[in-house]
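Presented below is the structure to which this report refers.
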Amino acid sequence: MKNWVLGRIFLAAGLMASAAMAADKGPQAPLSDADVARQVRHELVMYPRYTIWDDVNFGVSNGEVELTGAVNQPYKKSEIENLVRRIPGVVSVRDELKVLPLSDFDDRIRLQVARAIYRDPALSQYATMAVPPVHIIVENGHVTLTGVVATDFEKNIAGARASGAGLGFGPVVNHLQVEHPAKKS
């Protein structure tokens, strides 16, 4: 019985010491938008269901986060919003993520385009990344490429391979960004 009483006393003392230490810290300084943005980016990168079929972008202003882009499953929209909402320093979330139509036809196009892009020798090094940098957004048969590649050459190859997959409607929209653009003379 004595050990039980001593254990409770130590537990209570530990809890009071923890509370006193937390009170000594005082109010925390508000996080800057840059700090919030770093944390939002971290959460998105760590989100296990984020794939090459999704394109999520965000902006932060005065702790307000705006999510834009597209996801291929409805649950991703709500999960991503909830992840961002829990980040310290986030005041509000404006979720403008579009949920792409659920379509077997669009899924076939996604796979064909991904195979065409990531099997090309110029782009195959990206295929082994956890989330490869070329994102393939397909909406009702229309293909848009987003993400970042290293060179103009890679951007052009990705666009050509996506166009050559031959299943989509209309031209492929190539919104890939180039990390090291060629210098114009």
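Here the condition is being touching a Phe, Trp or Tyr at 6+ places or on another chain (Cβ under 6 Å) and of a type in the set (A, V, I, L, M); of 114, 127, 150, it holds for 127 alone.
Checked against (1) surrounded by fewer than 19 Cβ atoms within 10 Å (Cβ to Cβ); (2) within 14 Å of the chain's Cα centre (by Cα); (3) over 20 Å from residue 39 (Cα atoms), residue 82 meets all criteria but (3).
For (1) in a helix (DSSP H, G or I); (2) at pLDDT 95 or above; (3) under 30 Å from residue 113 (Cβ atoms), each residue gets a yes or a no:
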| position | (1), (2), (3) |
| --- | --- |
| 23 | yes, no, no |
| 38 | yes, yes, no |
| 49 | no, yes, yes |
| 53 | no, yes, yes |
| 58 | no, yes, yes |
| 68 | no, yes, yes |
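The residue that is nearest to residue 115 (Cα to Cα), counting only those in the range 169-185 that are part of a loop (DSSP other than H, G, I, E, B) and under 25 Å from the mean Cα position of the chain (by Cα), is 172. Is it the case that the range 96-107 has a residue that's crowded, with 20+ Cβ neighbours inside 10 Å and of a type in the set (D, E, K, R)? Checking the range 96-107: at least one residue is crowded, with 20+ Cβ neighbours inside 10 Å and of a type in the set (D, E, K, R). Among the residues of the range 92-151, the ones that are out of contact with any Ser or Thr (no Cβ under 9 Å at 6 or more places or on another chain), in a strand (DSSP E or B) and farther than 21 Å from residue 78 by Cα come to 7 in all.
Here's the yes/no breakdown for (1) over 16 Å from residue 111 (Cα atoms); (2) buried (at least 19 other Cβ atoms within 10 Å of the Cβ); (3) assigned by TED's automatic domain parsing to the domain that holds residue 115:
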{"site": "125", "(1), (2), (3)": "yes, no, yes"}
{"site": "140", "(1), (2), (3)": "no, no, yes"}
{"site": "146", "(1), (2), (3)": "no, yes, yes"}
{"site": "151", "(1), (2), (3)": "yes, no, yes"}
{"site": "156", "(1), (2), (3)": "yes, no, yes"}
{"site": "165", "(1), (2), (3)": "no, yes, yes"}
{"site": "171", "(1), (2), (3)": "yes, no, yes"}
{"site": "174", "(1), (2), (3)": "yes, no, yes"}
{"site": "183", "(1), (2), (3)": "yes, no, no"}
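Scanning the range 81-118 for residues that are out of contact with any Lys or Arg (no Cβ under 9 Å at 6 or more places or on another chain), more than 25 Å from residue 162 (Cα to Cα) and touching a residue at least 24 places away in the same chain (Cβ under 8 Å) yields 83, 84, 87, 88, 89, 90, 91, 94, 96.
The values are calculated or read from the model by the stated rules, or taken from the named source; none is laboratory data. For clarity, every value in this text was computed on a predicted model and none was experimentally measured. Glycine gets a Cβ as well: all are built from the backbone with ideal geometry, and neighbour counts include every protein chain shown.
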